[in-house]
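**Q** Just passing along the structure, written as structure tokens.
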Amino acid sequence: MVDKNISAECLKPELWTHLQEILDLYCPPVKILHILQKAEGLRAVTQNGEKVMLDSKSLEQPKGLLEAFPAIDEVRIYTEAAMDCYDKKLQAEEVYDWDIDDYLEYQYRALEETDGIQVIRRSDFPRHIFQPLKKWIQEDGTYLLWVTNQGKLYFNCILVVRENKIKILTTSGRYGDDWEDLEKVKKNLEKEFYDLSCHVIIKDGNF
């Protein structure tokens with residue numbers, strides 16, 4: 001879906017500085033508790049680097065950790081040997097030819113399938129932004145996400161999809177002085193990518 005040679009063009013700073021807020025909106029960050037099993041005991045930290053005190057009995061019923069830590073979405077339990085194995089899988093020669101979203105999917109699949117690693121999730125949530133995108137993108141075309149804040153343009157993103165792959169990532173900055181005018185941006189898209197249908201999603205937020 002996301003071409004490994006994707007071209008990122010005209011990412012207008014006034015819009016692109018808000019990218020993280022948009023990602024958090026459509027794909028909220030997952031709160032993870034990482035637990036490393038070592039001979040001398042357990043080392044546990046959250047994704048923010050906060051240390052958590054646990055004893056070995058905590059792993060007798062790993063699913064109980066989700067009850068003990070209600071703010072956590074996912075628990076990952078590792079051994080050092082398993083992490084070495086996992087790292088080797090991620091750096092295998094064949095992965096360098098994969099599209100970006102395929103590689104991300106493989107990262108999570110390999111995490112769950114590596115002996116010595118346990119992953120306990122609270123619920124089914126998007127692991128990365130490309131999962132929600134796949135629900136939006138159903139055919140070749142140009143896809144414009146136009147996000148306003150109290151009526152004023154706050155963020156936009158244009159994805160150009162050909163042969164079922166995202167080939168270009170850009171913003172309305174590619175259209176110069178027209179960048180804040182939705183109707184002109186749509187007309188410019190239809191003119192530049194005349195062979196592709198134009199799809200628009202308009203959202204108003206409170207940022």
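**Q** Residues of region 59-73 being in contact with a Ser or Thr (Cβ under 9 Å, 6 or more places away or on another chain), open to solvent by less than 30 Å² (accessible area, probe 1.4 Å) and either of a type in the set (Lys, Arg) or outside any helix (DSSP H, G or I) (or both), which ones?
**A** Result: ILE72, single match.
**Q** When SER56 is evaluated against the numbered criteria (1) in contact with a Leu (Cβ under 8 Å, 6 or more places away or on another chain); (2) among the polar types (S, T, N, Q); (3) at pLDDT 90 or above; (4) open to solvent by 40 Å² or more (accessible area, probe 1.4 Å), which criterion, by number, is the only one it fails?
**A** (3) is the only condition that SER56 fails.
**Q** Among the listed residues LYS38, LYS31, LYS51, which satisfies the condition of being closer than 30 Å to ASN156 by Cα and not aliphatic (A, V, I, L, M)?
**A** Selected residue: LYS31, the only one of LYS38, LYS31, LYS51 that is closer than 30 Å to ASN156 by Cα and not aliphatic (A, V, I, L, M).
**Q** Going by the structure shown, is TRP179 touching a residue at least 24 places away in the same chain (Cβ under 8 Å) and within 17 Å of the chain's Cα centre (by Cα)?
**A** Spelling it out, it is not the case that TRP179 is touching a residue at least 24 places away in the same chain (Cβ under 8 Å) and within 17 Å of the chain's Cα centre (by Cα).
**Q** Then there is this: Can you tell me which residues in region 126-176 are among the basic types (Lys, Arg) and either in contact (Cβ under 8 Å) with a residue 60 or more places away in the chain or farther than 18 Å from THR17 by Cα (or both)?
**A** Hits for region 126-176 are ARG127, LYS134, LYS135, ARG162, LYS165, LYS167, ARG174.
**Q** Among the listed residues PRO13, PRO28, which satisfies the condition of being open to solvent by 50 Å² or more (accessible area, probe 1.4 Å), out of contact with any Cys (no Cβ under 7 Å at 6 or more places or on another chain), under 30 Å from LYS203 (Cβ atoms) and modelled with pLDDT of 90 or more?
**A** PRO13
The values are calculated or read from the model by the stated rules, or taken from the named source; none is laboratory data. Please read all numbers here as calculations on a predicted model, not as lab measurements. Here the Cβ is made from the backbone with ideal geometry for all residues, glycine too, and neighbour counts use every protein chain on show. Just the protein is used for accessible areas: all its heavy atoms, side chains included, with ligands, DNA and RNA removed. Shrake-Rupley method; radii C 1.70, N 1.55, O 1.52, S 1.80 Å.
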